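Below you'll find the structure, written out as structure tokens, and then a few comments.
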Amino acid sequence: MPRTKQFNEEEILIKAMELFWEKGFHATSMQDLVSRLGINRASLYATFGGKEELFNKAFSRYRSATSDMLHSLFEKAPSVKAGFQQLFDMSIRESMEDPFRKGCFVVNTTTELIPGDGELLQILNENKSNMEHFFAQCIQKGIAEGEFHKDMDAENVAAMLFTLYSGMRVVSKVDPDPIKLKKMLDTGLSILDQ
């Protein structure tokens with residue numbers, strides 16, 4: 001009879017995501033995975049494939065969760081600008097509360113594995129495009145509702161906000177000073193007032 005799995009795949013995937021996010025792809029060994037996930041190598045390979053396959057699944061899980069969070073945050077926000085403010089404030093708060101200073105898994109992966117991985121580069125470009133497109137849609141909604149100036153270039157402002165968000169996640173790993181990060185944020189978000 002085939003043996004039944006004694007673990008929850010989703011829980012294991014989340015643990016793997018946290019480990020890769022914390023240490024990066026190259027610094028995470030198979031032994032690290034076995035130890036953190038609490039399953040043996042055979043089960044890991046049988047369920048998820050090798051280290052690279054597990055990383056790809058964990059990375060996909062992170063991107064999906066981030067996308068869900070973004071949509072939910074902006075749906076509940078009282079205005080588009082408030083949505084951006086909440087997103088960036090949450091980013092600063094997470095940076096302050098994270099003892100590992102993990103930053104953003106997507107940004108970390110970009111700086112660790114690009115250039116050199118064409119398939120991953122395509123995924124990262126798609127992720128960037130999706131986030132910028134979502135930000136642009138939010139800005140266009142703000143323009144339509146009179147919150148932003150009618151001549152605002154939604155695509156360019158969205159690209160700048162994506163860059164600000166990514167940059168703040170990097171800076172917060174090096175210098176998680178909430179006052180400096182808040183000043184940077186206020187300066188960046190002032191583009192929405194023009």
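Is there a residue being open to solvent by less than 20 Å² (accessible area, probe 1.4 Å) and in contact with a Phe, Trp or Tyr (Cβ under 7 Å, 6 or more places away or on another chain) anywhere in the stretch 1-16? Checked against the condition, which is being open to solvent by less than 20 Å² (accessible area, probe 1.4 Å) and in contact with a Phe, Trp or Tyr (Cβ under 7 Å, 6 or more places away or on another chain), the stretch 1-16 yields no hits at all. The residues of the stretch 165-194 that are touching a helix residue (DSSP H, G or I) at 6+ places or on another chain (Cβ under 6 Å), closer than 16 Å to Lys102 by Cα and of a type in the set (Gly, Ala, Ser), listed by number, are Ser166, Ser172. Considering the stretch 124-149 alone, what residues qualify as being more than 19 Å from Ser64 (Cα to Cα) and open to solvent by 80 Å² or more (accessible area, probe 1.4 Å)? Selection gives Gln140, Lys141, Ala144, Glu145, His149. The listed residues are Ser64, Ser79, Ser29, and the only one of them that is under 20 Å from the mean Cα position of the chain (by Cα), among the hydroxyl-bearing types (Ser, Thr, Tyr) and modelled with pLDDT of 95 or more turns out to be Ser64. When you look at Ser72, is it among the small types (Gly, Ala, Ser), open to solvent by less than 60 Å² (accessible area, probe 1.4 Å), within 16 Å of Arg169 (Cβ to Cβ) and assigned to a helix (DSSP H, G or I), yes or no? Considered against the rule, which asks whether it is among the small types (Gly, Ala, Ser), open to solvent by less than 60 Å² (accessible area, probe 1.4 Å), within 16 Å of Arg169 (Cβ to Cβ) and assigned to a helix (DSSP H, G or I), Ser72 comes out as no. Determine whether the stretch 95-107 contains at least one residue that is modelled with pLDDT of 95 or more, charged (D, E, K, R) and surrounded by 14 or more Cβ atoms within 10 Å (Cβ to Cβ). No: the stretch 95-107 contains no residue that is modelled with pLDDT of 95 or more, charged (D, E, K, R) and surrounded by 14 or more Cβ atoms within 10 Å (Cβ to Cβ). Just for helices (runs of 4 or more DSSP H) wholly inside the stretch 103-194: which have at least 3 residues that are without any contact (Cβ under 8 Å) to a residue 24 or more places away in the chain and either out of contact with any Phe, Trp or Tyr (no Cβ under 9 Å at 6 or more places or on another chain) or within 17 Å of Tyr62 (Cα to Cα) (or both)? The helices (runs of 4 or more DSSP H) meeting that bar are 118-144, 154-174, 178-189.
The values are calculated or read from the model by the stated rules, or taken from the named source; none is laboratory data. What you are looking at is a predicted structure, and each value in this text was computed from that prediction instead of being measured. Here the Cβ is made from the backbone with ideal geometry for all residues, glycine too, and neighbour counts use every protein chain on show. Please note that ligands, DNA and RNA were not included when accessible areas were found on the heavy atoms of the full protein model with its side chains. Shrake-Rupley method; radii C 1.70, N 1.55, O 1.52, S 1.80 Å.
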